[in-house]
Amino acid sequence: MAWLAVLLPLLAGTARAGTVYDFDQRHGRVNFAVGVLGMFDVKGSFDRFTGRLDLDLAQPERSSVSVEFRTDSVSLPAPDQAALLRSADYLDAARHPLGRFTSTAITALSPTRYRLEGEVELRGVRQPLRFEAELRDRHVDTARGIEVADLVLSGAVLRSAFGMVADRPLLSDTVQLSILMHLEVPHAPPPAP
């Protein structure tokens with residue numbers, strides 16, 4: 001809940017109990033990385049998604065984060081890699097067009113670091129997921145009259161937990177996930193003396 005204490009000054013004067021902040025690919029990213037042969041990582045992203053940060057300032061523990069992404073929007077450096085991930089052996093995008101993350105609990109680790117417990121759904125399978133979250137680059141953009149910050153969520157899933165077991169000798173079972181939310185809110189100037 002301390003992450004909300006950090007966000008509250010960022011949102012001071014603009015948020016009320018139950019305030020919702022929506023974001024998408026214009027204001028964030030959903031990325032992943034998987035190890036190949038234990039030597040390097042292949043990095044990709046989901047290019048179409050929507051997310052929601054729901055703040056309840058009266059009872060911050062009721063706040064939540066959710067993200068829904070189109071599995072057919074997977075993007076990788078090579079088009080054949082993206083096509084492979086869309087296939088039935090991996091994301092099975094034809095049968096399961098959406099993936100989701102929904103938070104269920106938030107715990108403060110420091111003034112800028114937090115733990116989000118939640119659930120991720122891929123291929124119709126739901127598994128618990130823990131994200132470490134960090135508030136980064138918080139500052140006032142005086143030219144635009146807004147306060148900005150990035151909230152970065154990082155976690156990992158085992159692809160085998162979702163039935164993605166193809167190419168085990170080549171690809172790591174662990175897939176690193178990250179979600180970036182770029183927050184912009186009107187800046188309340190300090191009160192006049």
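Values for this structure:
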| quantity | calculated |
| --- | --- |
| Where VAL36, VAL165, VAL125 fall by accessible area, highest first, once all protein chains stay in place (1.4 Å) | VAL165, VAL125, VAL36 |
| GLU134 accessible area, assembled protein chains, probe 1.4 Å, Å² | 70 Å² |
| Sequence of SER73, SER87 from largest to smallest accessible area, 1.4 Å probe | SER87, SER73 |
| Fraction of accessible area attributable to carbon and sulfur, segment 104-169 (%, probe 1.4 Å) | 48 percent |
| Heavy-atom accessible area per residue - segment 66-193, 1.4 Å, Å² | 52 Å² |
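The values are calculated or read from the model by the stated rules, or taken from the named source; none is laboratory data. Only a predicted model underlies this, so the values are computations on that prediction, with no experimental measurement involved. Note: accessible area is taken over every heavy atom of the protein model, side chains too, but ligands, DNA and RNA are not part of it. Shrake-Rupley method; radii C 1.70, N 1.55, O 1.52, S 1.80 Å.
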